[in-house]
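Student: The following block contains the structure, expressed as structure tokens.
The values are calculated or read from the model by the stated rules, or taken from the named source; none is laboratory data. None of these values were measured; they are calculated from a predicted model. Because the Cβ atoms are built from the backbone with ideal geometry, glycine has one as well, and the counts that use them run over all protein chains shown.
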């Protein structure tokens with residue numbers, strides 16, 4: 001399980017069963033001991049009020065230009 005402390009520059013995208021999706025920047029969560037799974041289980045949908053995300057995705061925010069430069073071998 002991925003601890004929030006290990007992914008401070010990431011965003012957790014949560015999707016509810018009703019289809020609503022929202023991103024939560026890990027830097028905005030003051031509980032680094034929690035896991036991504038904890039956040040998904042505790043999440044409450046802002047649209048329908050349901051608790052627990054149906055699906056979640058972790059994305060890295062920032063540095064994509066540098067990452068693509070390395071992927072093309074331009075360095």
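Student: Which pairs do you get when a residue that is at positive phi and modelled with pLDDT of 95 or more, found in the stretch 45-70, comes within reach of a residue that is surrounded by 11 or more Cβ atoms within 10 Å (Cβ to Cβ) and in a loop (DSSP other than H, G, I, E, B), reach meaning Cβ atoms under 7 angstrom, with the pair 6+ apart or on two chains?
Tutor: 52/43
Student: How many residues are within 11 Å of the chain's Cα centre (by Cα), assigned to a loop (DSSP other than H, G, I, E, B) and surrounded by 13 or more Cβ atoms within 10 Å (Cβ to Cβ) if we restrict to the stretch 3-28?
Tutor: Going through the stretch 3-28 one residue at a time, the tally reaches 1.
Results for (1) touching a strand residue (DSSP E or B) at 6+ places or on another chain (Cβ under 9 Å); (2) without any contact (Cβ under 8 Å) to a residue 24 or more places away in the chain, shown as yes or no for each residue.
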site: 11; (1), (2): yes, no
site: 26; (1), (2): yes, yes
site: 30; (1), (2): no, yes
site: 37; (1), (2): yes, no
